[in-house]
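The values are calculated or read from the model by the stated rules, or taken from the named source; none is laboratory data. In this text, all values refer to a predicted model and were calculated from it rather than measured experimentally. Here Cβ is always computed from backbone atoms with ideal geometry, including for glycine, and neighbour counts include all displayed protein chains. Please note that ligands, DNA and RNA were not included when accessible areas were found on the heavy atoms of the full protein model with its side chains. Shrake-Rupley method; radii C 1.70, N 1.55, O 1.52, S 1.80 Å.
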Amino acid sequence: MTRSTSFSRGIPAAAAIGATVLGAGLGELVAAIVAPSASPFSVIGGGMIDIAPAWAKNLAIDLFGTGDKAALLVGIAVLLLVVAGLAGLLEWRRPPWGRVVLVGLGVVGAVVAMTRADAGTLSPVPSIVAGGVAAIVTALLLRRLRRPSTLAPADTGLTRRGVLALSGVAVMAGALAALGSVALSSGARAVSAVRAALRLPAPATTVDVPAAAELGIDGLSPVITPAADFYRIDTALVVPQVDPATWSLRVHGLVEQEVVLRWDDLVALPQQETVATLVCVSNGVGGDLVGTARWLGVPLRDILARARPTAEADMVLSHSIDGFTASSPLEALTDDRDALLAIGMNGEPLPIEHGFPVRMVVPGLYGYVSATKWVTELEVTRFDRAEGYWTPRGWSERGPVKLQSRIDVPRAGARVAAGDAVIAGVAWQTHVGVSGVEVQIDDGPWQPATLATAISADTWVQWSIPWQATAGEHTLRCRATSTAGETQTEARTPPAPDGATGWPEVRVTVA
Ligand SMILES: Nc1nc2c(c(=O)[nH]1)N[C@H]1C(S)=C(S)[C@@H](COP(=O)(O)O)O[C@H]1N2
Ligand SMILES: [Mo]
């Protein structure tokens, strides 16, 4: 009887401690992946630092010196384990109150995470995962303890030992997850610090954006897209963290001279500025997977010239450090267009999620066949010998950008005041250029819109047209014409395999 009583205290406590270590470790790992600033430990620690009175902070610094933060985290961990043990006892005696306590801890972490200054939309997730896993695993382990194995119902000792062993496994798995999170997030911290300290070389050639390129209409996409608003598309679940100090680019394959370029070599070359619009092939009619930036970098033409591709080569397979590849026609990288090995975006080093430290940008080609981020290798080859990441997945091996346009103002579903209104948007076919945009209201005649000044054929162009809006429901359509004389077709096709076609359409209510 005594033996059974001590077991019935110790084992439920141990089970909940194991479950909580597992939950906390997974919470840290999830944070490192989706929301590095929302690690449950660091938000709770940060929250405690914020609310601690000055005397407590001073005492901590006196006692632990620069180890004060480590001491705080150890303190939180010890407190957490004590609370977890008590929650295990509570769950054993008065279910489901132990679970409620563990979920409650997760909710507290989530609320603290959401109220921190740098909170993102995913900031509550890590703490919810931590609390949820702790509660669920505690409940599962205690259920096993309550209902011993049906195979050997009499042998409750075996069950207890089994639960104890599972708790140990949970502790180890939690510790492993926590270690993984440390490895992931220390890499991220290091690279973002390197990026923040980096100074870009001055451009040898710059682009003047004419004032008339920006119509300045409310709700219209600005002609240069701020990096923070730039769409992001890639296959990287964890954003690659590449330190310029260890980065290199190898140019090899069908070349006379293999070339290896390091960061210092790259920044020593003359840097060219190019304003170019980048489009995703997945951009549907009227979609927003498109943006324009001021890129800084070295023409790929110059890099490839050093390697001297052989006559049989017709493709460059660019490789990212994460295994992604893009197949670009060799010609598009060596003709007179501004195809760049880019290091800068809008005057700053590339944002890490946009390819830091080096990516490609090629006007005229969709991103999936040209815009390799975190690029480390240019393999000069042939289309009949190699293929890019998306080609065997149902996308065309070549991806010249199609002519597209979009209505930004008014927004779809907007309520517009009757009278003087404006319809405005953007249109592009990078490296071809747009010569006109027309607008159709309901089933009326197509009317020419006014184009803003294009920065170049490589960028989108804003357009607008005044509209006397009359009460009722209206459908607005637009279509662009390229400098090559092609007008956007009405025929709707989906993005796969080589880009969507069709006229964008917006329905609004005028009152
Ligand atoms: N390494 C890597 N680079 C990549 C991709 C990717 O999945 N991995 N996606 C490409 C695609 S499909 C597009 S549209 C552009 C998007 O670039 P952005 O995220 O900077 O807007 O990056 C390209 N470069
Ligand atoms: Mo894309």
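For the range 404-510, the per residue solvent-accessible surface stands at 43 Å², with DNA, RNA and ligands left out and a 1.4 Å probe. Approximating the spin labels as points 7 Å out from Cα along Cα→Cβ, the L176-to-E473 distance works out to 5.8 nm.
The mean sequence distance of close C-alpha pairs (under 8 Å, at least 6 residues apart), as a share of the length of the range 404-510, puts its relative contact order at 34 percent. Compactness of the range 392-511 is given as radius of gyration and Dmax, 15.3, 52 Å, from Cα positions. For the pair T509 and T489, label points projected 7 Å from Cα toward Cβ lie 3.6 nm apart.
Axis of helix 68-93 versus longest Cα principal axis of the chain: the two differ by about 60°, to the nearest ten degrees.
Provide the FRET efficiency to the nearest 0.05 for the A245-Q440 pair, computing r from the beta carbons and using R0 = 51 Å.
Values: r = 55 Å, r/R0 = 1.08.
It comes out at approximately 0.40.
Reported to the nearest whole Å, the Cα centre-to-centre distance from the range 483-511 to the range 157-197 is 49.
So if R0 is 25 Å, what FRET efficiency would A56 and R116 give, r being the distance between their Cβ atoms, rounded to the nearest 0.05? Don't skip to the answer; put the middle values down first.
On the way: r = 20 Å, r/R0 = 0.79.
It comes out at approximately 0.80.
Among beta bridges identified by DSSP and lying wholly in the chain, the antiparallel ones come to about 90 percent.
Give the shape of the range 451-492 as rounded, prolate or oblate, defined through the alpha-carbon gyration tensor: a ≥ b ≥ c are the square roots of its eigenvalues, a/c under 1.5 means rounded, and otherwise the shape is prolate if a/b is larger than b/c and oblate if not.
Working: a/c = 3.45, a/b = 1.55, b/c = 2.22.
Here the range 451-492 falls in the oblate category.
Each peptide in 196-205, 382-391 receives the mean, over its residues, of other Cβ atoms within 10 Å, and ordering these scores from highest gives 382-391, 196-205. All C-alpha pair distances within the chain, sorted into 10 Å bins from zero, spread as 4, 16, 19, 18, 16, 14, 9, 3, 1, 0 percent across the bins.
Which order, highest average first, do 254-264, 20-30 follow once you tally other Cβ atoms within 10 Å for each residue and take the mean per peptide?
Details: 254-264: 14.4, 20-30: 27.0.
Most protected by this proxy first, the peptides run 20-30, 254-264.
Accessible surface of the range 379-511, 1.4 Å probe: 52 percent of it comes from carbon and sulfur atoms. For the chain, the longest principal axis of the C-alpha atoms and the axis of helix 54-64 are separated by about 80°.
Full extension from A183 to A417: what is 0.36 nm times the residue separation minus their Cα-Cα distance, to one decimal in nm?
78.7 nm
Averaging sequence separations of C-alpha pairs under 8 Å and six or more residues apart, then dividing by the length of the chain, give the relative contact order as a whole percent. Display every interim value, and only then the final one.
Numbers: 1088 pairs, mean separation 65.3, N = 511.
Relative contact order, the chain: 13 percent.
One decimal place: the segment R144-A496 gains 121.6 nm when fully extended, by the rule 0.36 nm per residue minus the C-alpha distance. Rounded to the nearest whole Hz, the Karplus-based 3J(HN,Hα) values (6.51 cos²θ - 1.76 cosθ + 1.60, θ = phi - 60°) of the range 15-23 follow the sequence 4, 5, 5, x, 4, 6, 4, 4, x, with x at glycine and proline. Just to be sure I understand the model, the point goes 7 Å from the Cα along the line to the Cβ. What's the resulting F383 to A212 distance in nm? A separation of 3.9 nm, rounded to one decimal place. Take the Cβ atoms of D335 and R393, set R0 to 25 Å, and the FRET efficiency comes out at 0.35.
Can you send over the carbon and sulfur percentage of the accessible area for the range 248-361, probe radius 1.4 Å, protein chains only? Exposed carbon and sulfur together represent 45 percent of the surface.
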